[in-house]
1. On a full-extension model of 0.36 nm per residue, what is the gain between residue 232 and residue 204, subtracting their alpha-carbon distance, rounded to one decimal in nm?
2. So which lysines can residue 229 reach, going by Cα to Cα under 29 Å and dropping same-chain residues fewer than 8 places off?
3. In a Gaussian network model over the chain where Cα atoms closer than 10 Å are linked, find which of 136, 319, 283 has the largest mean-square fluctuation.
4. Tell me, what is the FRET efficiency for residue 89 and residue 339 to the nearest 0.05, using R0 = 41 angstrom and their Cβ-Cβ distance as r?
5. What longest region of the chain stays clear of GluC sites (Glu not before Pro) that DSSP places outside H, G, I, E and B and that have at most 16 other Cβ atoms within 10 Å?
6. Sort out the exposed loop chymotrypsin sites (Phe, Trp or Tyr not before Pro) in the chain (DSSP loop, at most 12 other Cβ within 10 Å) and tell me the longest stretch that has none.
7. Calculated FRET efficiency, residue 349 and residue 66, Cβ-Cβ r, R0 22 Å, to nearest 0.05?
8. Round to the nearest 0.05 the FRET efficiency obtained for residue 169 and residue 275 when R0 = 30 Å and r is the Cβ-Cβ distance.
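Since every read-out is calculated from the coordinates, none of them should be taken as a lab result. Since this is a predicted model, take the numbers as computed values, not measurements. Ideal geometry is used to build each Cβ from the backbone, glycine not excepted, and the neighbour counts take in all protein chains shown.
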Amino acid sequence: MFDIIVIGCGFAGAVAARKFAEEKNKKVLLLEKRSHIAGNMYEDMDINGIYVHRYGPHIFHTNLDYVFEYLKRFSDWFSYEHRVLGRIDGQLVPIPFNFTSIEKLFSEEKADIIKKRLIEIFLDRQVISVMEIMNNSDEIIKELGQYIFEKVFINYTAKQWGIPIEQVDGSVISRVPVVLGYDDRYFQDKIQVMPKYGYTKLFEKILNHPNITIKLNCNAAKKIKIIDKNVYFDGEIYRKPIIYTGAVDDLLNYKYGELPYRSLDLVFERYDVTNFQPCAVVNYPNEEDYTRITEFKYLTGQVVNGKTTILKEYPLHYNIMAEKGNIPYYPIINERNLKRYEMYKADIERTGNIFLCGRLAEYKYYNMDAVVDRAIKIAEEVDV
């Protein structure tokens, strides 16, 4: 007999399961729809002997010390500062845009003028937004902002979200950073690391506890029914806690309609070269159908001479019935979709014993550290 059911084996489910099993000494049944643990962080070795992230690149970064201290119990880690280049006007330049990007894309004379103006206008600031540049009264600075908007942001965003350029919400650009200097790191978090033995091994250690029982290939959403606020599991009324990390529309059989997502067609390619590109990720914001290429050896730290594996990401509309694009990656956040989500959430919360945790269950974009933080807190809050 189990004290609690946890549904989903990504970071949300795995960390919550471990907390209940270890710190509350509860028997946990962990159900996972896929044939493997680790959710979208799952990685394995391909025929080139290279560990690949099967659901796209995952780079761990955080400012939450206690989250990293918790995860350090289950793996050694190595320092990794992620860098991204973007192909702009035939050049590979740092993303976020920085002084190196300016020097590569403009003449030496113009680049010097732009950098000097940026320093004069924004004084001691290290990072500003593209919106601030576009709204500046200085014509040279405003021109730079428009260039970044058109060459780096607008086409990439339209491609990523599958919408016409004219429908891209301009307010989103307020979050697009420009670095006033030569710092070319993609993230600014104080902790930037990767698990030494990979994410799958990390999850194996997290789940290695005698109080945790794992069942793979189990679509738990089909085992649960909610009728008049009561929860039924396998046809019998169930009053113990359930931590649910899957899609809420699936759990309630899409009674209010599907929650839309963007998905990806992930195309892995192998080459008989030591390196395909100069860093882990290169963005392609303009002409190509794909948005980025990842070369995994940079992420894993492996040294494999004469062979490499890359991943091209082609954005698609999510369709659970399609051959491609049947995995929900990015929730499409707007007023209409959030209202629909709140209807699902209200029905689930009325049960009193199903608790939502994670990216799919909460219909929001989470970085990995935020999911771990959420799982730790929900495990502490739920009484078993």
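1. Extra length available between residue 232 and residue 204 comes to 7.1 nm.
2. Output for residue 229: 19, 24, 26, 27, 33, 215, 240, 255, 339, 345, 364, 377.
3. The residue with the greatest mean-square fluctuation here is 136.
4. 0.45
5. 82-257
6. 183-364
7. So the FRET efficiency works out to roughly 0.20.
8. Values: r = 37 Å, r/R0 = 1.23.
The computed FRET efficiency comes out at 0.20.
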